[in-house]
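Asker: Okay, handing you the structure first.
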Amino acid sequence: MVTRLVWLAILFAAIQPLYAQILVSSQNTLHLSDSTRGATKRKTILDQNDNYNVNLLQEVMKTADLDDVTPGKYYWKESDLKGKSSYKETYGIIYSDYLTANGEIEDYPDDNDDFARPPSGVMLKMKSGDYVWFIDFHAIWGKSASLREDEATEMAEVYKYFKNLEINKIKTTKIVIAGDWNLDADNDGFDALKELDKGILEVTPNMETSLTRSGDPSQPYDHFIAEKGKLTGCVLTPIPDDEDSEWWRDNVSDHRGIKCTYTYK
């Protein structure tokens, strides 16, 4: 009996990490909409989303229907339209039925008008009972890098806001921010985030995600932010078999997606 209990304990310890990790992705969709020409884009993003527990999308247009890029047994939350000009987009967060949303998508209030597209987040409950905020962000482009750097700096306030936000009597300090920052991860604009809570956060990955018109890698603009050591295996999401980055640029987006394993315990 003792031996059997020991083996059960070992087995339980071995499988625990499986229940403490999820796969997350972020994708700038380059004007996701319901256009006839976008059928390949929607199908490709749909297939990509099926590989990850949480998918954070940027550049979702007014005419887009997130059902078109949501796999079976997945759900989605969509923000209000964002933008200070006639150009507006939403954030889409698509998650598997392994997770449960604690409430609706929450918009950062942006009382000081610091953002072109204020970030939005959803608090998701893991099967373990843990809660995690997933926050979606698309930075301004603007006429100079200083505008993007200012937004990145203000994201420290966004982090603190969601850390203290109570939803249905639940708060959580587990936070993942993802999106298109239009900045290299080593840019000084991230310093305020990196200095929070004695340097608890990291920005990753830092690989070329934006693409030129010919599909060549260009700038490292897409990143996740979370506690150090919680994000592992961060790489580009794969391009479909038998295709290349030029095909991706022509048919899907001017950004490659990024993916990580997130450990929430």
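Asker: Can you put L231, L165, L57 in order of Cβ neighbours within 10 angstrom, beginning with the fewest?
Answerer: So the residues, fewest neighbours to most, are L165, L231, L57.
Asker: Another question about this same structure. Give me a comma-separated list of calculated 3J(HN,Hα) values for segment 196-201, in order, Karplus coefficients 6.51, -1.76, 1.60 applied at θ = phi - 60°, integers in Hz, x for any Gly or Pro.
Answerer: Couplings: 5, 6, 6, x, 6, 9 Hz.
Asker: Also: Rounded to the nearest whole Å³, what is the per residue volume of the convex hull around the Cα atoms of the chain?
Answerer: On the way: hull volume 40.1 nm³, N = 265.
Dividing the Cα hull volume of the chain by its residues yields 151 Å³.
Asker: Also: State, as an integer percentage, the relative contact order of the chain based on alpha-carbon contacts under 8 Å between residues 6 or more apart.
Answerer: Worked out over the chain, it gives 19 percent.
Asker: Next up: Using alpha carbons only, how many angstrom separate the centre of segment 186-244 from the centre of segment 18-88?
Answerer: 18
Asker: Right, another one. Could you work out the helix-only [θ] at 222 nm for the chain, with each DSSP H run of four or more residues adding -39,500 (n - 2.57) and the total divided by the number of residues, to the nearest 500 deg cm²/dmol?
Answerer: -6500 deg cm²/dmol
Asker: Can you return the aspartates and glutamates within cross-link range of K194? Criterion is Cα-Cα under 16 Å, with same-chain partners fewer than 8 residues away left out.
Answerer: Within the straight-line cut-off, K194 pairs with E149, D150, E151, E154, E157, D184, D186, E202, E227.
Asker: Where in the chain is the longest stretch that carries no chymotrypsin sites (Phe, Trp or Tyr not before Pro) classed as loop by DSSP and with at most 13 other Cβ atoms within 10 Å?
Answerer: With a cap of 13 other Cβ atoms within 10 Å, the longest stretch comes to 142-265.
Asker: Could you check how many percent of all C-alpha pairs in segment 67-186 are farther apart than 24 Å? Could the numbers behind the result be given before it?
Answerer: Values: 2020 of 7140 pairs.
Tail of the P(r) past 24 Å holds 28 percent of the pairs.
Asker: Then there is this: Using the number of other C-beta atoms within 10 angstrom as an exposure proxy, rank V122, V203 with the fewest first.
Answerer: Fewest to most other Cβ atoms nearby, the residues stand as V203, V122.
Asker: To check you understand DSSP bridge types, tell me what percent of the beta bridges within the chain (both residues inside) are antiparallel, rounded to 5.
Answerer: Roughly 80 percent of the DSSP beta bridges within the chain come out antiparallel.
Asker: What does the charge count around W141 come to, taking other residues whose C-beta lies under 10 Å from its C-beta (Lys +1, Arg +1, Asp -1, Glu -1)?
Answerer: Charge balance near W141 sits at +1.
Asker: A follow-up question, please. Would you mind counting up the charge near L99? Only other residues with Cβ under 12 Å from its Cβ, with Lys and Arg at +1 and Asp and Glu at -1. Walk me through the numbers on the way to the answer.
Answerer: Working: positive: K73, K77, K125, K127; negative: D97, D130.
With Lys, Arg at +1 and Asp, Glu at -1, the net is +2.
Asker: Using the crude model of +1 on Lys and Arg Cβ and -1 on Asp and Glu Cβ, and no other charge, please compute the dipole size for the chain relative to its Cα centre, in debye to 20. Spell out each step's value before the answer.
Answerer: Working: 30 positive and 45 negative charges, 227 e Å.
Its charge dipole is roughly 1100 debye.
Asker: Could I ask something else about it? About its Cα centre, what dipole magnitude does segment 166-265 give when the only charges are +1 on Lys and Arg Cβ and -1 on Asp and Glu Cβ, stated in debye to the nearest 20?
Answerer: Roughly 840 debye for segment 166-265.
Throughout, read-outs are computed from the coordinates displayed, never taken from laboratory work. As the structure is a prediction and not an experimental result, all values here were calculated from the model. Heads up, the Cβs are rebuilt from the backbone with ideal geometry, glycines too, and the neighbour counts pull from every protein chain shown.
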